[in-house]
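The values are calculated or read from the model by the stated rules, or taken from the named source; none is laboratory data. Here the structure is a predicted model, which means the values were calculated and not measured. In this analysis, Cβ positions are derived from the backbone assuming ideal geometry, glycine residues included, and neighbour counts consider all displayed protein chains.
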Amino acid sequence: MENPLVTIIIPAYNYQLFLPDTLTSVLGQKYQNFELIVVDDGSTDKTKDVVAEFTARDSRIKYFYQSNAGLSAARNLGIKNSMGKYIQFLDADDLLSDLKLSLQIEDMEKDATIDISYTMAYYFVDGSKEKLYKNIALNQDDWMPKLNASGYDILEMLVKQNIMPVNSALIKSSSLRKIGFFDMAMKSLEDWDFWISCAFKDFHFAFLPAEGAFALIRVHKSSMSQNRKKMSGYEIIVRKRIKNLIKNCSFINSGQKRLLEKSNARHNKVILSGLIKESQLSLKECLRLIKNAGLFQFVASYLKVMNDSRKS
């Protein structure tokens, strides 16, 4: 088997507390032919000093600085400077199992049709790595679909929900170039949006069931994924984009398009109704939802919420 270079991209913003743990998990990989790119997204803490301590010991670690522009922009800068045959994204507070890269690369080198390999992900409470959970709610309900698919089969699932955390994936860089970059306008759910772009390019996604390969997601108060209202607002944006992508997709038939459109509209209605029901929306927020979801969908959801409230 070849020993291809892997690029690991870590965007970092004011995570000096967690970054040493994350960098150590990379350096502890069984697979050692990698370059590690840390993109400092305008941190005001000692992120630069933390990385400097590691670069002094290991020339594979590269440091880039940019004025604060967000997670997507930081990942994009890493992509632009990457040299690897494969790309691994890793958030600055998360970890990789020591066998993750070696097992995924072995699988992808055997099967050239795989564009994105992904593994199991476990969640842990900050400060307590010995207890692992299968979802962010910190219980053992497994939310991740285990797929080996492309085309309609992967689209059917991705239209319903995200299928993995960004750290689970190992991506073939030649495939990634067909997508380009993360959408910098997305300040949440940018990974789901990115997988959707990949699926509509007919990428082959393959779950690797090897027990030794997994990502570890740290759960703490400052985790971006904890902001549910923000995520719901961006889900409306993603679903507007999905609607357009379905319409223009060339490799699925008209019947499959109708099924995806119905699924997308159904989930859009649920998330929109939830926002209206649970949030005290300002006029500005209402106008933004109308822009992204459409006036008809917004009014229908609003009337449904009002009717349900009256009945209760």
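A single entry from Ala112, Ala56 fulfils the requirement of being more than 18 Å from Ser173 (Cβ to Cβ) and surrounded by fewer than 21 Cβ atoms within 10 Å (Cβ to Cβ): Ala56. As a summary of the residue check, His220 satisfies the conditions (1) over 16 Å from the mean Cα position of the chain (by Cα); (2) surrounded by 15 or more Cβ atoms within 10 Å (Cβ to Cβ); (3) modelled with pLDDT under 95 except for the one numbered (2). Of all residues in segment 127-173, those being crowded, with 21+ Cβ neighbours inside 10 Å, among the polar types (S, T, N, Q) and not in a loop (DSSP other than H, G, I, E, B) number 2. So which residues in segment 174-209 are part of a helix (DSSP H, G or I), closer than 22 Å to His267 by Cβ and not small (Gly, Ala, Ser)? The answer is Glu190, Asp191, Trp192, Asp193, Phe194, Trp195, Ile196, Cys198.
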